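Notes to accompany the following structure.
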Amino acid sequence: MAEEVYEKKVLDRISDALIDGLVSIIDKVKPGWRVKNRGRIEEWKLMLYALNRSPVGLLGTSLVVLFIILAIAGPFIAPVSYDTQIIFCDRDARLAPPRTTVQIPDNPFCRKLGLKPGNFTMLLGGDDYGRDLWSRVLYGARTSLVVAIIVMAVGPWIGVLLGLVAGYYGGKIDELLMRITDVFLVFPGLILAIAFSAVLPYRIQDVLSVHPLLADVMRVLFAIKPENEPQLASLLSVIVALWLVWWPFYARLVRGMVLSAKENTYVEAAKALGVPSWKIMFKHILPNIAGPIIVFYTMDFGGVILTEAGLSFLGLGAVPPLADWGRIIYDGSRYFPDAWWLVFFPGLFIFLTVLGFNLLGDALRDVLDPRMRRSIEFKIKKRVVVEEVSSGS
Amino acid sequence: MGANRCRDPIIVVEDLYINFYTYAGIVKAIDGVSFCIERGETYCLVGETGCGKSVTSRALTRLILPPGKIERGRILYYPEPGKVVDIMKLSEEELRMIRGDEITYIFQDPGTALDPLYTIGYQISETMLVHGYINRIKEGISKAIQLLKETLIPDSEQRAKSYPHELSGGMKQRAVIATSLANRPKLIIADEPTTALDATVQAQIMELLRNLKKQRGLTILLITHNMGLVAEMCDRVGVMYAGQLVEEAPTEELFQNPLHPYTRALLRAVPNPLKKIEKLESIPGTVPNLIYPPPGCRFHPRCAHVMDTCRRQKPMFIRVGDKHYVSCWLYSRR
Amino acid sequence: MAGVVTEHVQGADKGYDEAVREAWRFLPGEKPLVVLYRLKKYFPVKGLIRVKGWVRAVDNVTLLIPEGKTLGLVGESGSGKTTIGRLVLRLIEPTSGSVFFMGRNIFKLRGRDLRWFRRNAQMVFQDPYGSLNPRMTVYDIINEALRTHKIDVGDPKEYIIKLLYEVGLNETHLYRYPHEFSGGQRQRIAIARVLALQPKFIVLDEPTSALDVSVQAQILNMLKDLQRRYNLTYLFISHDLGVVRYMSDYIAVMYVGKIVEIGPAEEVFEKPFHPYTKMLLASIPVPDPEYVKKKPPIRVVGEPPSPVNPPPGCRFHPRCPYASEKCKREEPSLVEVEHGHWVACWHPLN
């Protein structure tokens, strides 16, 4: 008697296609998954619809996606390598303003540097070593993304784990864990990271020399040349430093949410069923407090990138000749404001990336709110009521 | 419609429609409700969660907050016999002067009805101050103590100086009742006033309301889901289901001769603590979603006597006996 | 009697004989499934620096829950009835005392034994809106119970559908989330989850107080039906005397942490001996205007005292119309006033 029709925009159709594609892949791996998770799939679609209806969210998503594409493809699409000093082939390359075209002479030396003879346009200009800024920014994107991923893959989860345990068990365990957290929290994160990353490189150097495989993996991830492998140590020390400062906030956040979530009757019901504690924590509590965590987690990708750039700017972290946004700004600041592009462009990239993650996080706050989803469901479902009476008579 | 059912009404509601514009859709919460309350009687609106009894009671002083909206209907208030106030036409300011003065509310949760930052005495005096019966808070304190005495709060001088958290649930509800008596109430709307309280305390509060009504000549509108309270307190009962008034009758008549299938089922589904019952009768199904209410009679999907007409047309609210009205096709003479 | 005890409980834990001997007095002739023995639960009232006092939520309760029957536990808020429900399932640990389930002291169980207990003793909660994880489908919710206890049921899907039919739902509900159901349906899901484990003992903690009357009757009838079919033992906790009377074989009335009256349901309702039981019964509004007219006026005095500092002597004496000097000083213990009907009062009625 009543039929529901959807009014979808182009973006919604793309979202549907994306989800359906993903679902059929999962369904292939786990037969029957689609049927069992109908409700979940519907929710996913609604989440994307919600995102599609938020201009801020779309802007954030675009910026983030753009950043990720640049970071992955960057080293492949960069005209030259991050350490190619074009200055050796054309003196004009030194501190060249954006869109400067330099002449590459046809000689074996320049070829060896990876430069083709003829005109070469330095899109964003060049630095004091005559290196192409555009190429360095692209490599820098890779550095930022890899650092962010490695930091975020460990640091917050330490916090989530400790927060879960502290909040769930309470009592003395809670007391102990939270006091430790407090100790870390009272130190400003950046200063703590500076202290760590000043001390750590030597240790990490040792570790890398003992485990060449680890060094190789890192080298590939950061897309750097084998001869720059020794420079990795300081970059990795920043990562370890950020692990250590990035968990206390999450421990606090999660503990607070667990304290209220564990009051839910379904937690008690699970206990009464005999469900083991770790399962209650991860299956019953964590999914129900995931929303705010995901929001902060997303925003923190920007935070890590900003902090890492900040550390590099202070001379910790990436060392020359590695490309890193913070380091490029630091090196270029000596020529500011004459060679403004050395500061401006990496700064712009940092700004847009961090902005992107923040906007996305902000939009996720709404997207992950079930009430929001219900309202979307209502808005995009247009109800056509065909009364029995009117159709009958 | 509503008016001619009462001889000397204090409130007449005619053809009230209220919708709630929620994120999930438009909830047709009240669908054409008409009734009146006789001056000096206790009228009960009884029904299950979401049947619209609370919304109806709030609508009497247009206390409907967004996303709720009174779509149409007439609400007439007769402060004295022969004097009519059209509630729908009053300004917000004029309404405010009636609320808390002539028409007062007692809500379910006494904990949230009182402000934790002020003493009981202060809050009672404030009600009087707002309505201009006194000029300074201090003037009202002695009256407040008097009112606390009237609501049988022991040690009332001390209690007037207490903060809400220092009182038990029952005492808080008494304090709320005292507040509602502070001015010159004519109609008290008690919305599930004892649901949050224990049985023995409930009995005390009900006893108190009964006595206050007698002493002060009040009119009470009692909103409840408890058939026991209906039997003990009320003169006339309106049974609501899914936003509609399905039956109205004097209390004894309703219990002896329930006509609407819903009323009948409801009465049989309540376990009576004084009788041994072998098998409770239950009503199949659940209360409908009022975003997409069933067409015709809203009870038809759960009704044992459903007919073809029920599915198509909304039944009229018809008179079937002295003061007994029902909205069901079984009793329609067509 | 001790001989009888050991006869049908093999491998009983230490202290069981003694406990059963004491608890059996109250419900002679019944087969004990759960025995509460001198059970106490005090909650600390924390001040700024140190503990200010103790809430005596459950104070020295000895009780027997007979197999295949329903014991109704009645009381007002703060009487400790919910605390007892949580104690007998070991959701909280007692201050002292013990609870025996089929002869085993549940507070001493570890590992496999504890899992055996968890499987056999289950609970249906008051709040059907909160007791189901909103992020799990009905299938997951019930399957979790099966997987936790590694119960082999062949095809879990088939088994779960069978269970759903048993509680009046069907396979179309299998992959839905709790928010798609009404309160009554959610309570059915919660009951299905409990039944999945084929338990012997179920604590029903106000299972219908959040539901509407029309739905309440459905759930109550279903629970009665299930009990008959599977020989379930219920501890039915409620403040609604009508519902308790409908459901229970025996009734224990609690007042501020203590049991004040216990006996067969009909006798307690028809002929209450404790003044508190009488007051409680008299304060229930009866859905019968004819009765209301004849009903004698009742005097309900005062409100339940705080369990932090309960009155000395009989805890009911400040509200009791029959209180004597003795009641203010000495605490009465349960005595048998009629066969199988016990009351803790110095001046029992009738």
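If we scan segment A:22-32, do we find a residue that is open to solvent by less than 70 Å² (accessible area, probe 1.4 Å), in a loop (DSSP other than H, G, I, E, B) and within 14 Å of chain C (Cβ to nearest Cβ)? Spell out the reasoning first.
Just the residues of segment A:22-32 that are open to solvent by less than 70 Å² (accessible area, probe 1.4 Å), to begin with: A:23-24, A:26-27, A:32.
Retained after the next criterion (residues that are in a loop (DSSP other than H, G, I, E, B)): A:32.
Next cut, within 14 Å of chain C (Cβ to nearest Cβ) only: A:32.
Yes, that holds for at least one residue.
Given C:Glu325, C:Glu331, which one is open to solvent by 30 Å² or more (accessible area, probe 1.4 Å) and within 22 Å of C:Asn60 (Cα to Cα)?
Working: C:Glu325 fails: within 22 Å of C:Asn60 (Cα to Cα).
The match here is C:Glu331.
Which pairs have Cβ atoms under 6 Å, sit 6 or more apart or on different chains, and link a residue in segment C:69-92 that is modelled with pLDDT under 90 to one that is outside any helix (DSSP H, G or I) and of a type in the set (Phe, Trp, Tyr)?
Pairs found: C:Ser79/C:Tyr255.
What is the one condition in (1) within 11 Å of chain B (Cβ to nearest Cβ); (2) touching a residue at least 60 places away in the same chain (Cβ under 8 Å); (3) over 27 Å from B:Thr224 (Cβ atoms); (4) not aliphatic (A, V, I, L, M) that C:Glu261 does not satisfy?
Single failed check for C:Glu261: (1).
Please work out which residue is nearest to the other protein chains (Cβ to nearest Cβ), limiting yourself to segment C:111-137 and to residues that are in a helix (DSSP H, G or I) and in contact (Cβ under 8 Å) with a residue 60 or more places away in the chain. Before the answer, list the steps.
At the first step, the residues of segment C:111-137 found to be in a helix (DSSP H, G or I) are C:111-120.
Filter again for in contact (Cβ under 8 Å) with a residue 60 or more places away in the chain, leaving C:119-120.
Details: C:Arg119: 7, C:Asn120: 10 Å.
This residue is C:Arg119.
Hand me the list of strands (runs of 3 or more DSSP E) wholly inside segment B:215-285 holding 1 or more residues that are under 14 Å from the mean Cα position of the chain (by Cα) and more than 18 Å from B:Glu38 (Cβ to Cβ).
Where strands (runs of 3 or more DSSP E) fall fully within segment B:215-285 and carry at least 1 residues being under 14 Å from the mean Cα position of the chain (by Cα) and more than 18 Å from B:Glu38 (Cβ to Cβ), they are B:219-224, B:236-241.
Does B:Tyr17 count as under 23 Å from B:Pro288 (Cα atoms), surrounded by fewer than 20 Cβ atoms within 10 Å (Cβ to Cβ) and modelled with pLDDT of 90 or more? Quick ask: steps written out before the conclusion?
Working: under 23 Å from B:Pro288 (Cα atoms): yes; surrounded by fewer than 20 Cβ atoms within 10 Å (Cβ to Cβ): yes; modelled with pLDDT of 90 or more: yes.
Yes: the conditions hold for B:Tyr17.
Among (1) of a type outside the set (Lys, Arg); (2) surrounded by fewer than 24 Cβ atoms within 10 Å (Cβ to Cβ); (3) in contact (Cβ under 8 Å) with a residue 40 or more places away in the chain; (4) within 11 Å of chain B (Cβ to nearest Cβ), which single condition is C:Leu280 missing?
Result: C:Leu280 passes all but (2).
What is the number of the single condition among (1) modelled with pLDDT of 85 or more; (2) closer than 22 Å to C:Lys81 by Cβ; (3) surrounded by fewer than 21 Cβ atoms within 10 Å (Cβ to Cβ) that C:Pro305 does not meet?
Just one mismatch for C:Pro305, condition (1).
Within 30 Å of C:Glu267 (Cβ to Cβ) and buried (at least 16 other Cβ atoms within 10 Å of the Cβ): which single residue out of B:Pro315, B:Pro250, B:Pro271 fits that description? Don't jump to the end; show me each part of the working.
On the way: B:Pro315 fails: within 30 Å of C:Glu267 (Cβ to Cβ); B:Pro250 fails: within 30 Å of C:Glu267 (Cβ to Cβ).
On inspection, the qualifying residue turns out to be B:Pro271.
Among the residues of segment B:20-64, which ones are over 20 Å from B:Ser327 (Cβ atoms) and either open to solvent by less than 10 Å² (accessible area, probe 1.4 Å) or within 14 Å of chain A (Cβ to nearest Cβ) (or both)?
Residues satisfying the conditions are B:Phe20, B:Tyr21, B:Thr22, B:Tyr23, B:Ala24, B:Gly25, B:Ile26, B:Val27, B:Thr42, B:Leu60, B:Thr61.
Step by step: first the residues of segment A:333-371, then only those that are within 14 Å of chain B (Cβ to nearest Cβ) and surrounded by fewer than 19 Cβ atoms within 10 Å (Cβ to Cβ), then the one that is modelled with the highest pLDDT. Which residue is that?
Per the criteria, the residue is A:Asp369.
Of the conditions (1) in contact with a Gly (Cβ under 9 Å, 6 or more places away or on another chain); (2) crowded, with 22+ Cβ neighbours inside 10 Å; (3) more than 12 Å from every other protein chain (Cβ to nearest Cβ), B:Pro193 clears all except one; give me its number.
Exception for B:Pro193: condition (1).
Cβ-Cβ under 6 Å, sequence separation 6+ or interchain: first residue in segment B:95-113 and buried (at least 21 other Cβ atoms within 10 Å of the Cβ), partner part of a loop (DSSP other than H, G, I, E, B). Which pairs?
So the pair list comes out as B:Ile103/B:Thr61; B:Thr104/B:Pro185; B:Ile106/B:Pro193.
Looking at segment A:115-138, which of its residues are in a helix (DSSP H, G or I) and open to solvent by less than 10 Å² (accessible area, probe 1.4 Å)? Spell out how you get there, then give the answer.
Our first condition is that a residue be in a helix (DSSP H, G or I); within segment A:115-138, this holds for A:133-138.
Selection gives A:Leu133, A:Ser135, A:Arg136, A:Val137, A:Leu138.
Starting from segment B:201-224, keep only residues that are within 11 Å of another protein chain (Cβ to nearest Cβ) and free of Cβ contacts under 8 Å to residues at least 60 places away in the same chain, then list their pairs with residues that are charged (D, E, K, R) and in a helix (DSSP H, G or I) whose Cβ atoms are within a distance under 6 Å, requiring at least 6 positions of separation or different chains.
none
Which one of the conditions (1) surrounded by fewer than 24 Cβ atoms within 10 Å (Cβ to Cβ); (2) at pLDDT 95 or above; (3) within 14 Å of chain B (Cβ to nearest Cβ) does C:Phe201 fail to meet, given that it meets all the rest?
The number of the failed condition is (3).
For segment C:161-168, check the following and say yes or no: at least one residue is in a helix (DSSP H, G or I), more than 16 Å from C:Leu226 (Cβ to Cβ) and more than 14 Å from chain B (Cβ to nearest Cβ).
Start the filter on segment C:161-168 by keeping residues that are in a helix (DSSP H, G or I), which leaves C:161-166.
Among the residues that remain, those that are also more than 16 Å from C:Leu226 (Cβ to Cβ) are: C:161.
From what is left, the residues that are more than 14 Å from chain B (Cβ to nearest Cβ) are C:161.
Yes - at least one qualifying residue is present in segment C:161-168.
Can you tell me which residues in segment C:12-53 are open to solvent by 50 Å² or more (accessible area, probe 1.4 Å), more than 23 Å from C:Ala265 (Cα to Cα), assigned to a loop (DSSP other than H, G, I, E, B) and not basic (Lys, Arg)?
C:Leu48, C:Ile49
Is at least one residue of segment A:63-71 in contact with a Ser or Thr (Cβ under 8 Å, 6 or more places away or on another chain), modelled with pLDDT of 90 or more and not aliphatic (A, V, I, L, M)?
Applying the first criterion (in contact with a Ser or Thr (Cβ under 8 Å, 6 or more places away or on another chain)) to segment A:63-71 yields A:63-64, A:67, A:71.
Next, only the ones that are modelled with pLDDT of 90 or more stay: A:63-64, A:67, A:71.
Now narrow it down to the ones that are not aliphatic (A, V, I, L, M): A:67.
Checked segment A:63-71: at least one residue is in contact with a Ser or Thr (Cβ under 8 Å, 6 or more places away or on another chain), modelled with pLDDT of 90 or more and not aliphatic (A, V, I, L, M).
Which numbered condition trips up C:Ala145, out of (1) open to solvent by 10 Å² or more (accessible area, probe 1.4 Å); (2) part of a helix (DSSP H, G or I); (3) at the interface with chain A (Cβ under 8 Å from one of its Cβ atoms)?
Failing condition for C:Ala145: (1).
Can you tell me which residue within segment A:38-64, out of those that are part of a helix (DSSP H, G or I) and among the basic types (Lys, Arg), is least open to solvent (accessible area, probe 1.4 Å)? Even if it seems obvious, please write down each step before you answer.
The first filter runs over segment A:38-64 and keeps only residues part of a helix (DSSP H, G or I), leaving A:38-52, A:55-64.
Those still in the list that are among the basic types (Lys, Arg) too: A:38, A:40, A:45.
Values: A:Arg38: 137, A:Arg40: 77, A:Lys45: 35 Å².
Ranking the candidates gives A:Lys45 first.
Based on this model, can you work out whether A:Pro287 counts as within 14 Å of chain C (Cβ to nearest Cβ) and open to solvent by 10 Å² or more (accessible area, probe 1.4 Å)? Talk me through it step by step, then tell me what you get.
On the way: within 14 Å of chain C (Cβ to nearest Cβ): yes; open to solvent by 10 Å² or more (accessible area, probe 1.4 Å): yes.
Here the answer is yes, as A:Pro287 does meet what is asked.
Collect the residues in segment C:176-195 that are more than 14 Å from chain B (Cβ to nearest Cβ) and within 21 Å of the chain's Cα centre (by Cα), keeping them in residue-number order.
To start, the set of residues in segment C:176-195 that are more than 14 Å from chain B (Cβ to nearest Cβ) comprises C:176-178, C:190-195.
Residues satisfying the conditions are C:Ala190, C:Ile191, C:Ala192, C:Arg193, C:Val194, C:Leu195.
Suppose we filter C:Ala190, C:Ala210 for residues that are in contact (Cβ under 8 Å) with a residue 60 or more places away in the chain, open to solvent by 20 Å² or more (accessible area, probe 1.4 Å) and touching a Pro at 6+ places or on another chain (Cβ under 8 Å); which single one remains?
Values: C:Ala190 fails: open to solvent by 20 Å² or more (accessible area, probe 1.4 Å).
Criteria check complete, one pass: C:Ala210.
Regarding B:Glu126, is this residue modelled with pLDDT of 85 or more, crowded, with 18+ Cβ neighbours inside 10 Å and under 25 Å from B:Ile177 (Cβ atoms)? It would help to see each step written out before you state the result.
Values: modelled with pLDDT of 85 or more: yes; crowded, with 18+ Cβ neighbours inside 10 Å: yes; under 25 Å from B:Ile177 (Cβ atoms): yes.
Spelling it out, B:Glu126 is indeed modelled with pLDDT of 85 or more, crowded, with 18+ Cβ neighbours inside 10 Å and under 25 Å from B:Ile177 (Cβ atoms).
The values are calculated or read from the model by the stated rules, or taken from the named source; none is laboratory data. What you are looking at is a predicted structure, and each value in this text was computed from that prediction instead of being measured. Every residue, glycine among them, receives a Cβ derived from its backbone with ideal geometry; neighbour counts consider all protein chains shown. Accessible surface is based on the protein model in full, side chains and every heavy atom, while ligands, DNA and RNA are left aside. Shrake-Rupley method; radii C 1.70, N 1.55, O 1.52, S 1.80 Å.
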